[in-house]
Each structure stands twice: as structure tokens, then as C-alpha cells.
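Engineer: Dropping the structure in here first, questions after.
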Amino acid sequence: MPTKPGRDQGDFIMRSMLKLGTAAIVSLFAAPALAQTAPPPAATEATAVGTEEIVVIGRGQVRQAQTLQAEALQALPAGTSPILAVKRLPGVAVSGADTFGAYEWAARINIRGFAQNQLGFTLDGVPLGDMSYANHNGLHISRALISENLGSATLTQGSGAIDVASSSNLGGALQFSSLAPQETLGGVAAVTVGSDELRRYFGRFETGVLPGVGTRAWLSYMSNDMDKYKGEGPQKQTQWAIKAVQPIGKAELTGYYNDSKRRETDYQDMSLGMIQRLGYDWDNFGKSKYGLAVQVADIANNRGETGAAVTNPAAGTTYPAPIQTVDDAYFDASGLRDDQLGYVKLDVPVTDFLDIAIQAYDHQNKGQGLWGTPYVASPLATTPGATTNNSPISIRTTEYDIDRTGWLGNATLRLGAHTINGGFWTEDNDFTQARRFYGLDRDAARRSFTSFQTNPFFTQWAYAFATKTTQLYLQDTWQVTDALKVNAGFKSLKVENAIRTTTINNAAPTVGADSNLNGTIEAKDDFLPQIGATFKLSDDVELFASYAENMAAFPSVVGSVFGSRSQAIFNETKRTINPESSKSFEGGVRLKGDRYQLGAAAYLVKFEDRLLAVSQGPGIVGNAAILSNVGGVDTKGIELVGSYKITDTVSLFGSYTYNKSEYADDVRNRTGAVVTATSGKTVVNTPESIVFAEAAYDNDVVFARLSANYIGDRYFTYTNNGGKVDGRTLVDLTLGYRLKGAALLDGFEAQLNVANLLDEEYVGTLGTNGFVNSGDSQTVVTGAPRQVFVTLRKTF
């Protein structure tokens, strides 16, 4: 077996042992002989603001931070991604095409003007990468964790906590935690039905603390099946997970494993002109209209619009109404992802003043993104008498495989007024990416877009990436006085990216001027400091301030520094560019009373060496993106967040963000001439104003929530010349009833969710096919209409 780039046989053995170890740890509850008797951990105390609060403002934190409790997600439709739940927090703009925020092609989160691939994400400390659709170093939280198993999510809007395992967190970090196994025997089962034939089944069994062993664990399963809300095609996911905690003396061993299989049919990317001409309900043709898709492809070939040879002269040159271009609708598209993620972690209180922890994780991924393209015909499309592989359409895929293993470790030393914490993160990641084409028959579409494709007739390109990440950090928290606390530290980050070409243009079709591409590039900074402080004016009022520097590594993926798919351009780019970096200042105040909590923050961010890949032509064509250095970005803003408990049963919550993110420079060529005038223009996909407001009622039997989320105007053009998408407000309603008292019915709950209550038509996501300099572009996705869901849940 050939050795992958950057990995040796020792790494392979280590990964194999880790996988076996994960399986063993999560099944420890079945192996009492391995355990030492120890008392179960004490029950977690209620938060200072009370168990009714679903957002806890980060008192004592030297940076802006909030923690979202699991109850916030439970109030949303079952299956909602934890990403969508954080839309209530200040500084956060979440967009998507679906109600659940789980459709990954369009799921986006923007924090203080930073895009999703400039943020950091972890689950129980394990890095999830940048959670982008074509993720090269992780996976989306919807595939890493069943949403009902979320324990909490903590958002730090600045550069993120210094110990976050991320090589992309320029503008903040979102740290998810899975539920801890409970101490008592029990579980939960739920069924959700609703709009567009939704059928969702969820269950979690809790072992409780096993007598004589101390082990506690849960086992969970989920199945989700739903039709698209427009067009045709399924959205499916199955997932199962297990988590176990084993006391070993005073130490604690935790294991987690999650298996996910996701099949989602895509929505058509639209332009603003298409929405105006074709309407919000326009979509791809789908399997039932395959004949129409073939007809449109034939006409496009006859008109010379695809670059492909004429495949059916009899089709003519006039499109059937209302179609005007070959890009108005494609045959079909989908995303397929299979993931296995596991970790083991050992927490050891060595002494009263020293704690250590070590964690190992492994992630395997197989994925394909499918697009029925009219730009490349099936291989026998022009062969007279052919009956197979003769369609004017082929399936174009982008194929992904991830094999990554990592280690995290930390130690905390308490010495008087000082708490010193240091740690490391290291990861080896093998990632392959390929562009392939698969043939279709003219008379019928016999390939399924929800199945992995095999036997391609053409591989345009295939690359193997090896990425080695090393991060070290050290920080000291000094309680100077009872009122003043200071935190200071730094981290060191080094990421080495290697690329190796495995296949280039192995058949006749000419669909790109690709070449062999091999080489390495490195992003490194040995000193990225963070410093902050909190000062208590009283028990109820606290001031905070912080400063942080950060750097983002170059992504190991086609479309970044390797996006040109040209050795010469890569060599020149490597010589001239620097990794992106940021410097963040923030300060604010937090207030807490018996019935309220409030927070206010102001921030200033200097973003330097910004790198962007400018899209070239329709996304389906797959042209190489051109990497451009667009200089810096200046961001400033304010954030307000608060909650007020009017009575024991009625509460209010709200957050407001004003954010101004502007390009600091024009885009210039190597001679200094202005190529694109972007200085002073609003950063793409960055709203100036964001508002979230919610009123809630809960008397422990009847509960209700009414919320509204406003996101202001956004652009998908760098020059703000065209490409403006108006702001939108979405209103959601939750109603529920809990049965109490009766033995069999106790713990039973019924919940009704109405998403987009006012049935607003709106643009959900910008930049699905990248951003452009000016004008219109087929790079937005419309949002979901009003949908209704009912969940029946039984806790036992």
C-alpha cells in the first residue's frame, strides 16, 4: 500500500490503535473489570442566572462571550442545526435555504463581518475545521452531533479563546459541547412530522450510573427524511452516536463516537434577475423533467452556449418558455456525505493544584457533490446509434475524502492568585479532492443523485493534500484583587500544506487548462498574543476589555492558494502572498440582577492580508478561481444583549448589532494600478444591522415563544455596484404542552413550530457560487416559505 504524502507507517499504526481505542472506550459500560470504584460526579449546579435562562452572558470572561443552553435548540423545530440556534446572539448573522439551517450548500454564519471560513468551530474540544461545504479539515456540526444531543454552545465573538483548536478563527469561535450522560436510568424518544413530508425519529437511551462500576453512558439514533420545499428530491440523514464516561479513581475517561450519512438534493442557485423573471419558487428540473433538461441542453449546444458539440440539430435554437438561458435550470444536483468521528479523553486531577487532560480524535469522511451539467456531454452523445452514455448531459462531481487524526493536551496549574494553563494541538490530515464526470443515457436518467457515483468516463483533475498542524499556547490568569482579574498569553501556530497531483485530464474532453501541481506552502506565526481583563464595579456590574492577534492558515483545497490549478501561478502566488491575519480590540460592560442580565460591547478589528478567490463564470462550469489579495478590512461595531424575567412565567430576550465592515484598499495589479475600486465599500455578505427579539411564556405545563430576526441589507459584489439584497425579517412561533402527574403520560410533551410565520419571500444565502466584482450573478439561494411541524416527545 503506497504511503500517503506526509504520513509514515507509524502514523498509520497510531490511527488504527485510536480507532480501536475509541470503540473500546465508548463500550466501557459493558466492561466493569476495567473500572475502579469511585463516587459519581456531583450534579451540575444551576447557572447563576437560573435554569430558565437559555443564554448565559459570560460573566468573568475577559472577552465578549455568551453560552447558549440546550433549551434554546429544543424550542426550535426538531433537527434544527445548532448553527441556526446561535442567531439570537449579538454579532451573528445566520443564513440558509432551509428552515433547519442544515442544508450545507447554503448554510452560512457571519460574525462581525468575518465569513464562516474565517471562524473556528469545535465539538467537545475536537476541531471541526471551518465547516464550509467543501470542508477539507473537518465537518459540519450537523454531521458531528445529533442536534438533540447538544449540551451547550459557547460563542466568543473576538478571535476566540486562546486554547481553541482552530487554524482559521480570525473573527471568533463557536465551541459546541455534547450532553454528558446522566446519572439516572432513562432516555427520550421523539417523532416529528410536518410540511413537505417531514418524518423525523429520534431516541436516546441513558444507562445511568452502573452499580459497582460508576460508568454512565448514552446511545442515540436519528432518522430524518423530508422532501424539498420546492422542486423535487429528498433530504435524508441517518445518524447514531454513543458517549460514555468512566471514573478511574479521581480521573475520568470519556469516549464519543458519531456516525452520519447525509443525502441532500440541492436547490437551484439564482441571480436577482432570475428571481424577478422566474419567481422565488423556481428550481432545478429534477428527475421527472429529465426530458426537458435534455431538450434545453440540446438547444444550448445548437446555440453554441456550452462549448460542447451539437448533439441534436432537430431540437432547434429556441428555448421553451420561460427559459432564456442554459443556466436557468439544471437537471439535478446533490451533496452526499458519510462521516465517522470519534474521540477519547482522559481528565486527571493530579493534585489539588494541578490538572492535566489528554485527548485523541479521528475523523473519516467520504463525500461527493453532484451537478447535472449541460457543459460536458456524456461520451457517446454525438455517436450515431448509441443507446447508452449518449445524453447531452453528464454528472459532474467534486469528490472528497478526509482521513485526519489529532491530539490535544493541556495542563492547569493553580499557584496562589495565578492560574497557569498551557497546552498543545497537533493534527495530521490526508485530504483528496477530484473533479470527475459520469455518463447518462438520453432516454432516461438511470443514475441516482442520492447515490455515490462510480465508473467515471473522465477525470479532469485529482489532487492529494497532506496538512500538518501544530499549535501551542500558554496563558496566565492573575486574580490581582477581588475586583480585578487579568489574563495574558500567546499561542504559536504552524500549518504545513503539501499538494500532489494524482490525475490530470485523462480523457478527450477539454474543460479546463489544468496542469500538474505539486509543492508545499506554510503559514506560521510563533507569537500571537492575547491579553484581557475584567473589573468588578460591584457584585452586579463588571467591565471587560481584551486585545487579540490571530492568523489563518492556507486551506488545503482546490479553490484557495491552489485554486489556479497551475504550477506557474502557484509558484508565483506562494512567493508573494502572506496568510490572513487579524487584530481585535473590544471592551464592554455586563450587568446582572435578580430578574435581568445585560451586556454591551464595542469592538474594532483590523483585518490584514485578506485573500479572496474571485469567481469566473457560472459555478457549474468549474472554472479555476483567481486568488486575489484585496488588502485589508476595517471593522467597528457595537453589540447589545439582554434578558428580562417579567414574572416567573414570562420573559423577554433581545440582541442588537451594529457592524460596519469596509474594505480598506482598492484591488491593484502588480504595477500598482487600480483594478477594482473597493476601498470604502461594504464587505460582501455583511449586514450593518442585526436584531433578534423574543417573548417567552412557560408555566411548566404550557409554553410558547414568539421571535423575530432581522438581517439588514447585504451585497454579493465587492464594489457594491449591483448585487444588493434587501434586508429581511423572519418571525417564528413555538407552542407546546407538557403532561404532568399521570404515571404513563408524565414526561410527555407536544410541540408545534411555525417557521417563517408571516410567509415572507426572501433571499436566504449569498455567495453560494462565490462573490463577484459588480453586477448580477447566479450566486444566491432563496429561503424557505412558511412551514409547520409537530413534535411528540416522551422523556422517561
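Engineer: State whether the residues of the range 719-727 include one that is within 25 Å of the chain's Cα centre (by Cα), closer than 26 Å to residue 599 by Cβ and either crowded, with 20+ Cβ neighbours inside 10 Å or modelled with pLDDT of 95 or more (or both).
Structural biologist: Yes, because at least one residue in the range 719-727 is within 25 Å of the chain's Cα centre (by Cα), closer than 26 Å to residue 599 by Cβ and either crowded, with 20+ Cβ neighbours inside 10 Å or modelled with pLDDT of 95 or more (or both).
One line per residue, one yes/no per condition, for (1) under 27 Å from residue 76 (Cα atoms); (2) out of contact with any helix residue (DSSP H, G or I) (no Cβ under 8 Å at 6 or more places or on another chain):
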| residue | (1), (2) |
| --- | --- |
| 635 | no, yes |
| 640 | yes, yes |
| 648 | yes, yes |
| 673 | no, yes |
| 681 | no, yes |
| 686 | yes, yes |
| 692 | yes, no |
| 696 | yes, yes |
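Engineer: Using beta carbons and a limit of 6 Å, which pairs, at least six apart or on different chains, have the first residue in the range 442-463 and more than 16 Å from residue 503 (Cα to Cα) and the second one in a loop (DSSP other than H, G, I, E, B)?
Structural biologist: 442/390; 442/391; 449/332
Engineer: Please determine, by comparing only the residues of the range 728-757 that are over 30 Å from residue 661 (Cβ atoms) and under 29 Å from the mean Cα position of the chain (by Cα), which one is most open to solvent (accessible area, probe 1.4 Å).
Structural biologist: 735
Engineer: Moving on. Those residues that are within 20 Å of residue 317 (Cβ to Cβ) and either under 35 Å from the mean Cα position of the chain (by Cα) or surrounded by 18 or more Cβ atoms within 10 Å (Cβ to Cβ) (or both), I need them from the range 279-291; list them, please.
Structural biologist: Of the range 279-291, the ones within 20 Å of residue 317 (Cβ to Cβ) are 285, 291.
Correct list: 285 only.
Engineer: Another question about this same structure. Let me confirm something: among 83, 109, which residue is open to solvent by less than 10 Å² (accessible area, probe 1.4 Å), part of a strand (DSSP E or B) and aliphatic (A, V, I, L, M)?
Structural biologist: Step by step, each of 83, 109 is checked, and only 109 is open to solvent by less than 10 Å² (accessible area, probe 1.4 Å), part of a strand (DSSP E or B) and aliphatic (A, V, I, L, M).
Engineer: With (1) within 24 Å of residue 611 (Cα to Cα); (2) in contact with an Asp or Glu (Cβ under 6 Å, 6 or more places away or on another chain); (3) of a type in the set (D, E, K, R) as the list, and residue 681 as the residue in question, which single condition is left unmet?
Structural biologist: The one condition residue 681 does not meet is (2).
Engineer: Residues in the range 703-759 that are under 25 Å from residue 99 (Cβ atoms) and polar (S, T, N, Q): how many?
Structural biologist: 7
Engineer: Could you please find all residues in the range 177-210 being in contact with a helix residue (DSSP H, G or I) (Cβ under 6 Å, 6 or more places away or on another chain) and within 16 Å of residue 74 (Cα to Cα)?
Structural biologist: Within the range 177-210, 178, 179, 202 meet the criteria.
Engineer: Let me ask another. Is it fair to say residue 202 is over 23 Å from residue 750 (Cα atoms), crowded, with 18+ Cβ neighbours inside 10 Å and modelled with pLDDT of 95 or more?
Structural biologist: So residue 202 does not fit the description; no.
Engineer: Take the residues in the range 442-471 that are aromatic (Phe, Trp, Tyr) and closer than 27 Å to residue 405 by Cα, then tell me which one is farthest from the chain's Cα centre (by Cα).
Structural biologist: 461
Engineer: Shifting gears a bit: Show me the strands (runs of 3 or more DSSP E) entirely contained within the range 151-248 in which 1 or more residues are within 21 Å of the chain's Cα centre (by Cα).
Structural biologist: Once the strands (runs of 3 or more DSSP E) in the range 151-248 are filtered for at least 1 residues that are within 21 Å of the chain's Cα centre (by Cα), what remains is 173-178, 216-227, 234-248.
Engineer: Which of (1) farther than 23 Å from residue 343 by Cβ; (2) crowded, with 24+ Cβ neighbours inside 10 Å does residue 115 not meet, given it meets every other one?
Structural biologist: (2)
Engineer: Hey, could you check the range 668-693 for residues that are of a type in the set (D, E, K, R) and assigned to a loop (DSSP other than H, G, I, E, B) and say which is farthest from residue 705 (Cα to Cα)? Break it down into steps so the answer makes sense when it comes.
Structural biologist: Taking the range 668-693 as the starting set, the residues that turn out to be of a type in the set (D, E, K, R) are 668, 670, 681, 688.
Narrowing the set further to residues that are assigned to a loop (DSSP other than H, G, I, E, B) leaves 670, 681, 688.
On the way: 670: 56, 681: 38, 688: 26 Å.
Here the answer is 670.
Engineer: What residue, of 384, 379, is free of Cβ contacts under 8 Å to residues at least 12 places away in the same chain and either of a type in the set (S, T, N, Q) or farther than 21 Å from residue 405 by Cβ (or both)?
Structural biologist: 384
Engineer: Condition first: part of a loop (DSSP other than H, G, I, E, B), modelled with pLDDT of 95 or more and open to solvent by 70 Å² or more (accessible area, probe 1.4 Å). Now tell me which residues in the range 482-529 satisfy that.
Structural biologist: Result: 482, single match.
Engineer: Taking the condition crowded, with 21+ Cβ neighbours inside 10 Å and either assigned to a loop (DSSP other than H, G, I, E, B) or touching a strand residue (DSSP E or B) at 6+ places or on another chain (Cβ under 6 Å) (or both), does residue 143 pass?
Structural biologist: Yes.
Engineer: Ok, one more. Only residues in the range 315-327 that are without any contact (Cβ under 8 Å) to a residue 60 or more places away in the chain and open to solvent by less than 70 Å² (accessible area, probe 1.4 Å) count as the first member; pair them with residues that are assigned to a loop (DSSP other than H, G, I, E, B) and among the small types (Gly, Ala, Ser), Cβ under 9 angstrom, at least 6 apart or cross-chain, and list the lot.
Structural biologist: What qualifies is 323/329.
The values are calculated or read from the model by the stated rules, or taken from the named source; none is laboratory data. It should be emphasised that the depicted structure is a prediction, and the values quoted were computed from it without experimental measurement. Neighbour counts run over all protein chains shown; Cβ positions are idealised from the backbone, glycine included. Note: accessible area is taken over every heavy atom of the protein model, side chains too, but ligands, DNA and RNA are not part of it. Shrake-Rupley method; radii C 1.70, N 1.55, O 1.52, S 1.80 Å.
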